[in-house]
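Data block below; observations after.
Every number here is computed from the coordinates shown, using simple stated rules; none is lab data. Worth saying up front: this structure is predicted, and the values here are computed from it rather than measured. Glycine also receives a Cβ, built like all others from the backbone with ideal geometry; neighbour counts cover every protein chain displayed.
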Amino acid sequence: MTIPFHTNSRQHHALAHELTSALATADLTDDSAFNREVQHFEQRLARYAGSRFAVGTASGTDALTIALTALDLPRGGEVILCGFGFFASAAAIVRAGLTPVLVDTQSEGYVIDPAAAEAAITSRTVALLPVHMFGEAAHMRRLSQLAVDHGIALVEDCAQALGAYHGDHAVGTFGDSAAVSFNWSKHLSCTSNGGAVLTNDEHQIETLQALRAYGSTSGFWHPLFGLNSRLNPFEARVLAHKLPHLDSWISRRRTIAERYWTNLAGVAVALPPVPEGMSTHVYHKFTVAHPDRDRLRHHLKAHGIGSMVCYPHLLGDHPPIAAVSRSEDLTHAKQRAATALSIPIWPELTNDEVDRICQHIDDFCGAS
């Protein structure tokens, strides 16, 4: 029996009656009902995330673009983010008319190194964009203080980390705003795509709402140049019914992570750091590292186990980003790109399946 890297099939099977009933009762006769679905989910999401407001969008990438655009930062200004990560984070910066500056990860883990971020700040820096990679909360207290000390904006990329904390505060509540993704692969997922901007700043709301609707604040008046990026109301209803389950799903992901740490202790594969002190992890991904990563992936595939290389290229290696960005020292980030392999951690995995994955990793490392 194969174990896919990720699937929502078991989750949706368990929720089939609940989701079917929810969608069947959607009011298709009243246009305003569509708006109410989105507003209802936005209110519930804001409460869960610990923010005052949430603005639904068509994708997490759009949410990040809109969040940056709403701040009206100087065109071409530099935004510091980690050089290891998914293309969308850097692409959103470019789409917002800004310049990515790529810095290193911490020596352990996959999030931005605050010291590297501080060293990259210049008179051209307008914002920090920490990505809570794989669900691991970045060191937000240090990054928030950097933003305050240098008078720059702070926008969090929470696409993989809804529900994670740093200290007593949820990620997404530290900066000017934050972006969340509900892509089908996320730990809170809709059936296709969706996203949201979180903010505590009431002065941003009208601008954020306009930017997702062609820049329109009312009727056919467009004072801003925005996107066509509304959250689908059917997806909003799916998300609203899934949201109450999210904490239990995160708890199961953490239990699986603990089982990985126990089973793989002493195995010649590098495990993600155990969260200590201030930060928590929601395990959107469980990512190991091995110098012969590609052969390990092939070994797992041969035994019916899915995995994914996240991410094999640094952000500055992609031609559209290379053309407009600058990179600092990326020693640790390069190592992550060359060795990281994400293995299954969706919450419906059984203990037996987790043990099977561990056994095949152990077999490969022992043979190597």
Response to the item:
Residues other than Phe84 with Cβ under 15 Å of its Cβ, Lys/Arg counted +1 and Asp/Glu -1, net out at -4
Practice prompt. Calculate the spin-label point distance for His40 paired with Phe87, positioning each point 7 Å from the Cα along the beta-carbon direction, and give it in nanometres.
Written response: 3.7
Worksheet item: Which order results if His169, His290 are arranged by neighbouring Cβ count within 10 Å, fewest first?
Response: His169, His290
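Of all DSSP beta bridges located in the range 109-224, what percent are antiparallel, nearest 5? Please list the in-between numbers first.
Numbers: 7 of 13 bridges.
Approximately 55 percent, going by the DSSP bridge assignments.
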Worksheet, complete the sentence: Charge tally for neighbours of Val38 with beta carbon under 12 Å away, counting Lys, Arg as +1 and Asp, Glu as -1, is +2
Practice prompt. Identify, among Gly135, Thr191, Leu73, the residue whose Cα sits farthest towards the positive end of the charge dipole of the chain, taking +1 on the Cβ of Lys and Arg and -1 on the Cβ of Asp and Glu, with the dipole about the Cα centre.
Written response: Thr191
Worksheet item: Can you sort Trp249, Trp346 so the residue with the fewest Cβ neighbours within 10 Å comes first?
Response: Trp249, Trp346
Fill in: Inter-site label distance for Asp362 and Glu276 at 7 Å from Cα along Cβ, in nm
2.6
Worksheet entry | Eligible lysines near Lys301 by straight Cα distance, threshold 18 Å, same-chain separation 8 or greater | Lys285
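Set the Förster distance to 45 Å, then compute FRET efficiency between Ala302 and Lys334 from the Cβ-Cβ distance, nearest 0.05.
Efficiency, from the Cβ-Cβ distance: 0.95.
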Practice prompt. Would you please give the FRET efficiency between Ser251 and Thr29, computed as 1/(1 + (r/R0)^6) with r the Cβ-Cβ distance and R0 = 30 Å, to the nearest 0.05?
Written response: 0.15
Worksheet item: Considering only DSSP beta bridges whose two residues both sit in the chain, what percent are antiparallel, to the nearest 5?
Response: 55
